[in-house]
Amino acid sequence: MKAACEICGSPLHASPNRVEIDGAVMVVCGNCAKLGKLIGPATPKAPPAPSRSPFRVKGLAPRPPPVSVTIEPDHDVDPDYNVKIRQAREKLGLSQEQLGMMINEKPSLIKMVESKKLKPDDALARKFMHQLKINLIVSLSELEGGRPTNT
């Protein structure tokens, strides 16, 4: 089987060339060699050198896994979260779309939370609390009808 140019597919006859195009090293014909940086002649039977991934940067350590934020086990999201969020948003003069952009969430998610179709998880509750300057976390003893605790 004859070797073929890795770009145009034409058979490689006399002098195949090894070129670098956008970080990938390829064995190409003379016409396609001008599309990249010439590295040197290649033998037609030699496999092309492995290309480097354009997404990997040398010297950088891999990212650590995200830290999950959890509400303490003796606390939960306020049952009236939808009313508190809507009132705080309206008090600041924000639309659902604007609030969504501010906390990097879709407006449809804001609508679902405000209509109580979706209870916010810990991370989302903290986004609302931070942006709207409200408290959505209550202790379980308050929810059970006991006295509010000073924490």
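The values are calculated or read from the model by the stated rules, or taken from the named source; none is laboratory data. On a predicted model such as this, the values are computed, not experimentally measured, just so you know. In this analysis, Cβ positions are derived from the backbone assuming ideal geometry, glycine residues included, and neighbour counts consider all displayed protein chains.
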Lone qualifier among 41, 73, 62, 66 - being modelled with pLDDT under 85, within 30 Å of residue 8 (Cβ to Cβ) and not hydroxyl-bearing (Ser, Thr, Tyr) | 41
Name the helices (runs of 4 or more DSSP H) wholly within the range 103-148 that hold at least 2 residues that are within 16 Å of residue 75 (Cβ to Cβ) and modelled with pLDDT under 95?
-> 122-132, 140-143
Under 6 Å between Cβ atoms, at least 6 apart or on separate chains: pull out the pairs that start in the range 96-122 with a residue that is under 9 Å from residue 82 (Cβ atoms) and end on any residue that is of a type in the set (D, E, K, R).
-> 114/86
